[in-house]
Amino acid sequence: MSYPEVRFGILGCAQIARKVSRAITLAPNASLYALGSRSLEKAQQYAKENNFPSSTILYGSYEEVLDDPNVDAVYVPLPTSLHIKWAVLAANKKKHLLLEKPVAINVEEFDVILKAVEANGVQFMDSTMMMHHPRTAKMEEFLRSSKLFGDLKSVSLFYASSVKCII
């Protein structure tokens, strides 16, 4: 099955965005369409240092990325305290959202983001790769096998929201 290309815009030049931008460029149905930073110079430097495609449009503000009608989705690697502002603005501009984790400071802010997403008919996903990594499914299979691992009584996780419940 063929899927239409998703044109991503990135808001900011955070370290974590290096990995996600590379994943976007490697995906067969996605493109790194735009990058916005607090200055055009910073966006240019970041794009160069990270080998962004020459077709990537560089902006000197986050707003310009959101105002670009060709951006389908935005990845927001900004500090968590800024997520509510930029996620709601993006949703109101009909941009699908990929938010870096944690997605909000508290449940109230998360509820505001979800309301904006639902009201505007856009998709939301958090950037928790472990949920979608084949290793997670293999680990669950291993832990569920009493022959391989024994009888599991409990699991303690450092960042519990990043993995699905396996018990």
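Which one of 53, 102 is surrounded by fewer than 20 Cβ atoms within 10 Å (Cβ to Cβ), farther than 24 Å from residue 29 by Cα and either modelled with pLDDT under 95 or in contact with a Ser or Thr (Cβ under 7 Å, 6 or more places away or on another chain) (or both)? Steps first, please.
Working: 53 fails: farther than 24 Å from residue 29 by Cα.
Only one candidate qualifies: 102.
Across the range 113-149, what is the total count of residues that are modelled with pLDDT of 80 or more, part of a helix (DSSP H, G or I) and either surrounded by 15 or more Cβ atoms within 10 Å (Cβ to Cβ) or touching a His at 6+ places or on another chain (Cβ under 9 Å) (or both)?
The total comes to 5.
Among the residues of the range 74-88, count how many are hydrophobic (A, V, I, L, M, F, W, C), touching a residue at least 40 places away in the same chain (Cβ under 8 Å) and crowded, with 21+ Cβ neighbours inside 10 Å. Quick ask: steps written out before the conclusion?
Taking the range 74-88 first, the residues hydrophobic (A, V, I, L, M, F, W, C) are 74, 76, 78, 82, 84, 86-88.
Filter once more, so that each one left must be touching a residue at least 40 places away in the same chain (Cβ under 8 Å): 74, 76, 78, 86.
Right, trim to crowded, with 21+ Cβ neighbours inside 10 Å and you get 74, 76, 86.
Residues that pass the stated criteria total 3.
Under the condition of being exposed (fewer than 10 other Cβ atoms within 10 Å of the Cβ) and within 30 Å of residue 96 (Cβ to Cβ), which residue from the range 150-167 is modelled with the lowest pLDDT?
165
Take residue 71 and tell me if it is touching a residue at least 40 places away in the same chain (Cβ under 8 Å), surrounded by 19 or more Cβ atoms within 10 Å (Cβ to Cβ) and in a helix (DSSP H, G or I).
no
Can you confirm whether residue 39 is more than 18 Å from residue 7 (Cα to Cα), exposed (fewer than 14 other Cβ atoms within 10 Å of the Cβ) and touching a residue at least 24 places away in the same chain (Cβ under 8 Å)?
Working: more than 18 Å from residue 7 (Cα to Cα): yes; exposed (fewer than 14 other Cβ atoms within 10 Å of the Cβ): yes; touching a residue at least 24 places away in the same chain (Cβ under 8 Å): no.
It is false that residue 39 is more than 18 Å from residue 7 (Cα to Cα), exposed (fewer than 14 other Cβ atoms within 10 Å of the Cβ) and touching a residue at least 24 places away in the same chain (Cβ under 8 Å).
Applying the selection to the range 8-22, what residues are free of Cβ contacts under 8 Å to residues at least 60 places away in the same chain and small (Gly, Ala, Ser)?
Answer for the range 8-22, where residues must be free of Cβ contacts under 8 Å to residues at least 60 places away in the same chain and small (Gly, Ala, Ser): just 21.
The values are calculated or read from the model by the stated rules, or taken from the named source; none is laboratory data. Model, not experiment: these values are computed from the prediction. Neighbour counts are summed over all protein chains in view; Cβ atoms, including those assigned to glycine, are modelled from backbone coordinates with ideal geometry.
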